[in-house]
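Derivation of every value follows stated rules applied to the coordinates shown; laboratory data play no part. Worth saying up front: this structure is predicted, and the values here are computed from it rather than measured. Please note: Cβ atoms are built from the backbone with ideal geometry, for glycine as well, and neighbour counts cover all protein chains shown.
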Amino acid sequence: MKTNDWKDKLGTLLPEDFKPEPAPEATETKIRYENQLLRIELDKRKGKPATLVTEFQGTDDELKELAKVLKNKCAAGGSQRDGEILIQGDFRVKVAEILQNMGFKVRKINFK
């Protein structure tokens, strides 16, 4: 009794001269604002520390993308709205380093 293995059929699905296109180089983010100055400070929200990034100038989609990058790198929750990004916890130093590496200028408020 002959069994038809699905792996044997894979070769027949694509033409012989098929070559997959190389994946485009992944960039960390599309946001690049070298001349933009962002303000980073520690705030208290309901008695808990929160890192606040303000004075962002760009579209809501760009703000959302930047917030996603910061939240992922800090492994923390947060939100974004009205040109502000809130990261739950005290991540002032880490957020400042990340933003500077992305090309932003950073203004540090109440850093030690």
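Taking amide H atoms as placed 1.01 Å from N in the peptide plane, the amide H of Leu38 lies under 5 Å from those of Lys105, Val106, Arg107, each 5 or more residues away in sequence or on another chain. Model label points for Glu21 and Ala75, set 7 angstrom from Cα along the Cα-to-Cβ axis, are 3.6 nm apart. FRET efficiency for the pair Lys46 and Gln100, taken as 1/(1 + (r/R0)^6) with r the Cβ-Cβ distance and R0 = 25 Å, rounds to 0.25. For Phe91, the residues whose amide H sits under 5 Å from its own are Thr51, ignoring neighbours fewer than 5 places away on the same chain, with H placed 1.01 Å from N.
Modelled label positions at Leu37 and Gln57, each set 7 Å beyond Cα in the direction of Cβ, lie 1.1 nm from each other. Annotation: extensible slack from Lys68 through Asp82 equals 3.5 nm (criterion: 0.36 nm per residue apart, minus Cα-Cα distance). Given Lys48/Lys108; Lys19/Lys73; Lys46/Lys71; Lys19/Lys64, which pairs have Cα atoms separated by over 25 Å? Checking Cα-Cα distances, Lys19/Lys73; Lys19/Lys64 exceed 25 Å.
3J(HN,Hα) along region 37-49: 9, 9, 9, 10, 8, 9, 10, 10, 10, 6, x, 10, x Hz, from the Karplus curve 6.51 cos²θ - 1.76 cosθ + 1.60 with θ = phi - 60°, whole Hz, x for Gly and Pro.
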